[in-house]
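Below: one structure, written as structure tokens.
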Amino acid sequence: MAEHPAYPVGLRLTGRRVVVLGGGQVAQRRLPALIAAGGAIVLISPEATPSVEAMADAGEITWERRRYTEGDLTDAWYALIATGDGEANARASTEAERHRVWCVRADDADQATAWTPATGHSEGVTVAVLTTDVKGRDPRHTAAIRDAVVEGLRDGTLVARHHRARTPGVALVGGGPGDPDLITVRGRRLLAEADVVIADRLGPRDLLAELPPHVEVIDAAKIPYGRFMAQEAINNALIEHAKQGKSVVRLKGGDPYVFGRGMEELHALAEAGIACTVVPGISSSISVPGAAGIPVTHRGVAHEFTVVSGHVAPDDERSLVDWPSLAKLTGTLVVLMGVDKIGRIAETLMAHGRSPQTPVALVQEGTTAAQRRVDATLATVGETVRAEGVKPPAVIVIGEVVNVGLPAARAPKPSRPS
């Protein structure tokens with residue numbers, strides 16, 4: 001047996017008897033996958049780790065608190081032998097051989113009739129890696145190969161496109177605050193599988209360069225105070241390409257539902273009968289301050305934080321923000337899209353009771369290589385923005401947490417795309 005490689009196969013264990021001998025760390029690692037496979041699992045062990053015991057308490061497994069005895073593997077389809085008693089392991093392995101039960105031994109793989117591969121999962125696919133070198137088995141090497149394959153499938157660097165007919169539709173993907181490494185795993189995978197990408201200016205633009213040549217990229221950049229693609233045109237483009245049977249990704253900055261008009265696009269797609277998936281993204285309201293060394297909350301300093309849009313001034317009749325109430329809060333105020341209105345916002349907050357000395361930080365191009373931070377107070381922020389030439393996109397943080405973060409020399413630096 002030792003001269004031939006193992007034959008890979010997938011066991012279908014739903015409703016079938018699975019026996020696990022030993023309730024230690026090996027069982028703790030292996031049981032979740034056996035439970036997910038639907039096996040009727042019987043654990044035989046006088047003791048178990050707290051995690052394994054919790055599985056028994058939840059009814060996921062049946063736990064018989066005793067040692068192995070002859071006959072425990074009767075009618076079993078699969079057995080995992082992982083006790084600390086070598087003699088008991090050998091007897092159980094012999095019983096498994098006699099009853100033709102596929103058996104994994106944690107203490108002696110060469111005496112087992114089955115090996116557990118290094119496995120991982122990505123969107124309905126299980127990746128299982130087994131070594132073919134039976135004399136030089138290296139579990140760490142197979143695990144490393146498994147990790148590389150799964151990570152590549154998840155982040156889109158290893159693209160395996162579907163060849164059967166796919167259901168056309170749209171994915172509203174939150175791309176995060178700008179650093180391409182901060183898009184979610186699912187978002188990057190969907191981007192790698194797209195036929196059409198309709199991208200915002202604030203999305204992670206570096207990822208577009210990684211797309212295959214056949215992918216159509218449509219620039220839906222909404223440049224402040226300049227050219228823009230009307231929202232209706234964006235909606236129509238999403239619908240048109242999806243109806244052509246294409247996989248469409250709407251790549252947005254931050255999160256689709258945090259001042260991203262994602263719900264408007266979702267409604268338009270629903271009215272057109274287009275299937276849509278929403279992939280949340282890391283919001284700049286939290287991530288950009290964090291990248292600049294500012295926590296939006298800190299024990300003993302702020303018990304709440306409020307995120308508001310500053311795209312219209314406080315005295316504008318279109319504003320839906322209750323600025324007088326915000327001025328009375330003692331926590332952190334995060335303002336998005338408010339660079340050109342920050343002077344009037346500061347005046348309004350001070351007029352309703354917020355101290356002129358309240359710290360303010362403006363973080364421009366947060367999480368990107370161009371990130372910079374400019375500090376001020378409510379009394380000086382309007383003039384500081386003009387003097388320092390702060391431009392959108394910038395996240396504005398108002399509150400005592402501005403002074404809690406690390407000094408600039410020690411603050412974490414944004415990652416650079418490779």
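The values are calculated or read from the model by the stated rules, or taken from the named source; none is laboratory data. All of these numbers come straight from a predicted model, not from anything done at the bench. Here Cβ is always computed from backbone atoms with ideal geometry, including for glycine, and neighbour counts include all displayed protein chains.
Of the listed requirements (1) farther than 23 Å from Arg386 by Cα; (2) crowded, with 18+ Cβ neighbours inside 10 Å, Arg299 misses just one: (2).
Restricted to the stretch 176-219, and to residues there that are in contact with a helix residue (DSSP H, G or I) (Cβ under 8 Å, 6 or more places away or on another chain), in a loop (DSSP other than H, G, I, E, B) and free of Cβ contacts under 8 Å to residues at least 60 places away in the same chain, the residue that is surrounded by the most Cβ atoms within 10 Å (Cβ to Cβ) is Pro204. In the condition set (1) at pLDDT 95 or above; (2) out of contact with any His (no Cβ under 8 Å at 6 or more places or on another chain); (3) crowded, with 22+ Cβ neighbours inside 10 Å, Cys103 is compliant with all but (1). For the stretch 124-155, residues that are out of contact with any Ser or Thr (no Cβ under 6 Å at 6 or more places or on another chain) and at pLDDT below 65 total 4. Scan the stretch 93-110 for residues that are among the polar types (S, T, N, Q) and either over 22 Å from Gly24 (Cα atoms) or in contact with a strand residue (DSSP E or B) (Cβ under 9 Å, 6 or more places away or on another chain) (or both) and jot them down. Answer for the stretch 93-110, where residues must be among the polar types (S, T, N, Q) and either over 22 Å from Gly24 (Cα atoms) or in contact with a strand residue (DSSP E or B) (Cβ under 9 Å, 6 or more places away or on another chain) (or both): just Ser93.
The condition (being part of a helix (DSSP H, G or I) and in contact with a helix residue (DSSP H, G or I) (Cβ under 9 Å, 6 or more places away or on another chain)) is satisfied by just one residue among Arg146, Arg154: Arg154. All of Glu365, Glu400, Glu388, Glu317 fail the test of being over 23 Å from Gly203 (Cα atoms) and modelled with pLDDT under 95, apart from Glu317.
Filtering the stretch 76-123 to residues that are of a type in the set (D, E, K, R) and in contact with a helix residue (DSSP H, G or I) (Cβ under 8 Å, 6 or more places away or on another chain) leaves Arg105, Asp107, Asp108, Glu123.
For the stretch 62-84, a residue qualifies if it is under 36 Å from the mean Cα position of the chain (by Cα) and more than 20 Å from Ala106 (Cα to Cα), and exactly one does: Thr62. Please find, within the stretch 351-370, the residue that is surrounded by the fewest Cβ atoms within 10 Å (Cβ to Cβ) out of those that are within 17 Å of Val308 (Cα to Cα) and in contact with a Leu (Cβ under 7 Å, 6 or more places away or on another chain). The selected residue is Arg354. Val312 meets each of the listed conditions (1) assigned to a helix (DSSP H, G or I); (2) touching a residue at least 12 places away in the same chain (Cβ under 8 Å); (3) surrounded by fewer than 18 Cβ atoms within 10 Å (Cβ to Cβ); (4) not small (Gly, Ala, Ser) apart from (1).
Could you tell me whether Val288 is among the β-branched types (Val, Ile, Thr), buried (at least 16 other Cβ atoms within 10 Å of the Cβ), assigned to a loop (DSSP other than H, G, I, E, B) and in contact (Cβ under 8 Å) with a residue 24 or more places away in the chain? In short, no.
Farther than 25 Å from Ala118 by Cβ and touching a Cys at 6+ places or on another chain (Cβ under 9 Å), is that true of Leu80?
No, not satisfied.
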